[in-house]
Each structure stands twice: as C-alpha cells, then as structure tokens.
Amino acid sequence: MASETHEATEIAADAAHGAADAAHGGAEAVGMPQLDLTTFSNQIFWLAVTLVVIYFVLSRIALPRIAAVLAERQGTITNDLAAAEDLKAKAVEAEEAYNKALADARAEAQNIIAQAKADMKADLDDAIAKADAEIGAKAAEGEKKIAEIRANAMESVKVVAKDTAKEIIAAMGGKADAKTVTAAITARMKG
Amino acid sequence: MATEAHGAEGGALELVFHPMDQFIVKPLFGDGQVGMFTITNVTLWMGLTILAIVGLLVLGTSGRATIPSRIQSIAELAYGFIRKMVEDVAGKDALPYFPYIMTLFIFIVFANFLGLLPMAFTTTSHIAVTAVMAMMVFLTVTILGFVKNGAGFLSLFWISAAPLPLRPILALIEIISYFVRPVSHSIRLAGNMMAGHAVIKVFAAFAPMILIGWIGVIVTPLSIIAITAIYALEVLVAFIQAYVFTILTCVYLKDALHPHH
C-alpha cells in the first residue's frame, strides 16, 4: 500500500505545491529514516568525529579548568574560614584584655578610694587628737586660773576675816593678839 | 505512511502529515547520495552541538572566576553533577573514566536540547547514533571487566546469594540480560527522542485546519495547546534521557569494576 499511495500523493502534492516541493528535493520519509541503512556510515563517521572532538575539548581544556577553579575556590573558602577563625580568636583575646583592664582599673579605683579614706581618717584622727589636747590644755589652764582666783579669794577672805575678827575683838574691849587670831582663822578656814 | 488528506475545498488546501521527514539524513549541499564523508545535516547539528559545548564549558569558564558568572555556574553544576554521579554510582575508582562519561552526557544532553529547536535535526533520535554509543559503553565495560577482574568478571552472572540449584538458571537469565543491555540502552534514547518529535509534528499538521473548514476553529487551538504541552514534556524528556543514559553507563561501569554482588 505504501508505495502506491506514495506515488499517487506525490503527484497530487506536485500539482498542488509546484515549486515549493522542489525544496524538499524528493526527500520524503518512506517508513522510518532511522532504518535507512545507507545513512548509517555517514552518521557513525560524524558521531565518531564529534565524540573525539568533545572528548579532547573536555579532557584537555574544560574539565581540568573547572577542576582547578573548584579546587581554588575550596582553598579560598578554607583560607577565609581559617582567617575568620583567627580574627575571632583575636576578638576574644581583645575582649579578655579589655575586661582585664576594666577589672584592674576598678581595683585601682577601689584602692585609691580606700587609701583616700584611710588618709582622711588619719587626718581626722590627728585633728581630733590635736583638738582634744588643746581642749585639755585649755581646760587645765582654766582650772589653774580658777584655783588661783579661788586662792586669791581665800586670801582676801582671810584678810577680811582677820580684820573683822580684830575689829570685833577690839570692839569687845580686848586686845587682839595678831598671831592667835591668824591661827584661829586659818584653822576655821580649813574646816 | 505519507498520508495526505484533501481539504473540503477539494485540493486547494490539504493537511500534510510528514512526521518522519524531520529525521531524514540529507546532504547539506546538492542532492547527491549520502556517502560516509558527505556533509549532511548530521554534520551540521553535531557541529552545533560541539560549538554549544565549547561555548558552555570552555568559553563559559574562561574567566576562571572564584565567584562564578552565571554561565560558569552552569558549567560547574554540570561538572559536579556528573562527577558526583560517577563517584556515587560506580565508586571512587571509577573517577578515571569520568571524562568519557562526561563526554557522553554532555553530547547527549546538548544534542537533545538542540533537537528541540524548531526545524532542527535531532541527531540522538537516530538508532545509528545511540547504538554506536551504547555499543561503545558495552564493549568498554566488558573489556574493562575482564581486564580488571580476569575470569572473576564472570561471577557477575553467578549469583552466590541464590540457592545452588537456581544458579544456572539465573546465570542464563543474567547473561541474556547482559547482552540485551546495549539494545535497551540505545533504543530507549532514540525511541524517546523520535516519538516525542514525531508526535509534535503530527499535532502540528492539524494546526492549519482553521484554513480548511469550520471544524478548524476547534481543532487548531487544541492542536496548538497539544504541541505546547508535548513540547514541555519533551524538554523534560531531553534531560531525563541524557541522565538515564549516563547513570546506566555508570551502573554498567560499576559492574565491571566490582562484579561481585
């Protein structure tokens, strides 16, 4: 059936399309072109050429280049990771140093405060002691003055008492023995 | 095969079904016979495949950038994809064969995708092409198996895990399946590529129905939608078949390097 129909339709097609079919050059598939054994050698030859060319392009240029690029990238990534690790360690170190400095400064400040406190306390104590001593001295002086005044007063009293006693004795008509009067007054005054 | 339905107008317009014409191998210059060294559309499209591969894997990576450009990323992705496949499926000692497998994969994937361009010729839709590649894999793997393992390669067919009486029967089945490998390996790829492209052409032939009669108002949009859908499927198939061909190659290579189950 195939060949008869084919011929018939070929004529019809020629009539219809005319020049358009000439482009086909009569190349119209009869059955499967895949089974046309006359084209096998051609295809196999060009396939072999193609595969050889591709193989050489790949094995000589493309694959080594891509492998190198990938290896280089891997290396770069590894290096960068190591560098990052380094920097991280450095950052941790810096933080530690900072913390240490901070702690040191704090301790020093604490020391200075304590020292200042101690100094101030000593100064204060000194001043207090000095003031105490001054107060003591002043108090002693005052006491001395008071004693003096008292002694003076006592003396005055004694003189007044003696004079008074003499006057009283005189008034009573006696004759005052100065010595006896003084002794008596002194005894009284003591008592 | 070449069926032509005449239109309602009686021959002025007609539906033309030539779904297989796209697979014809023809000379690029002149109308002569196709000889072994004739420059044909096969030459053209394989040459374009080479150019595309060079463009991606050589020109695309010429920057050798540590931070890759987009095209270099794709090249690296393809490299990593196949390398990992070889390593995972066939083992670390299969890595020396990585360039061969990469060659097969990159050729098939580019030939498949270039074949999806309108008016293109799909080199991988031809059994002559896929069969040569499948036979290459088959012969390489078989020879490699015997070179690496000597007669121990035959233990691939002698399944020591099975009960002794079953082993000869299993060995027969294994041997048959071993020799069927290149057939299925090649027909799977060529068949998938051919079928999808032919189906697209069949649907495409229905597209001009709108010029012929009222029925075309329904048929033409449907056929265009169908072409789009099949095309999307073919994009998927183009990659998957390249992937399947490559991973099967890796599996066969694993059998050659480690024949003991």
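Summary table below
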| quantity | calculated |
| --- | --- |
| Criterion (in contact with a His (Cβ under 8 Å, 6 or more places away or on another chain) and at the interface with another protein chain (Cβ under 7 Å from one of its Cβ atoms)) met by exactly one of B:58, B:34, B:25, B:54 | B:25 |
| Residue count for segment B:44-71, restricted to those that are of a type in the set (S, T, N, Q), crowded, with 21+ Cβ neighbours inside 10 Å and more than 17 Å from residue B:116 (Cα to Cα) | 1 |
| Tabulated pairs, segment B:148-175, first within 26 Å of residue B:93 (Cβ to Cβ), second surrounded by fewer than 13 Cβ atoms within 10 Å (Cβ to Cβ), C-beta under 7 angstrom, 6+ apart or interchain | B:155/B:260; B:159/B:261; B:161/B:261 |
| Enumeration of residues in segment B:58-112 that are more than 21 Å from the chain's Cα centre (by Cα), among the small types (Gly, Ala, Ser) and over 11 Å from residue B:249 (Cβ atoms) | B:60, B:62, B:63, B:65, B:69, B:73, B:91 |
| Tally of residues being aromatic (Phe, Trp, Tyr), within 31 Å of the chain's Cα centre (by Cα) and modelled with pLDDT under 90 across segment B:204-239 | 1 |
| Pair list, Cβ < 9 Å and 6+ apart or interchain, from segment B:95-115 residues that are more than 7 Å from every other protein chain (Cβ to nearest Cβ) and surrounded by 20 or more Cβ atoms within 10 Å (Cβ to Cβ) to residues that are assigned to a helix (DSSP H, G or I) and acidic (Asp, Glu) | B:98/B:87; B:112/B:234; B:115/B:234 |
| Test set (1) part of a helix (DSSP H, G or I); (2) more than 30 Å from residue B:117 (Cβ to Cβ) - residue B:259 fails condition number | (1) |
| Filtered residues of segment B:148-203 (kept if outside any helix (DSSP H, G or I) and of a type in the set (A, V, I, L, M)) | B:159, B:161, B:162 |
| Residue check for residue B:140: in a helix (DSSP H, G or I) and within 11 Å of chain A (Cβ to nearest Cβ) | no |
| Residue that is within 30 Å of residue A:37 (Cα to Cα) and in contact (Cβ under 8 Å) with a residue 24 or more places away in the chain, where the choices are B:46, B:36, B:85 | B:46 |
| Qualifying residue in segment A:40-49 (condition: modelled with pLDDT of 50 or more, surrounded by 15 or more Cβ atoms within 10 Å (Cβ to Cβ) and more than 7 Å from every other protein chain (Cβ to nearest Cβ)) | yes |
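The values are calculated or read from the model by the stated rules, or taken from the named source; none is laboratory data. Every value quoted in this text rests on a predicted model; they were computed, and no experiment measured them. As a convention, Cβ positions derive from the backbone with ideal geometry for all residues, glycine included, and neighbour counts pool all protein chains shown.
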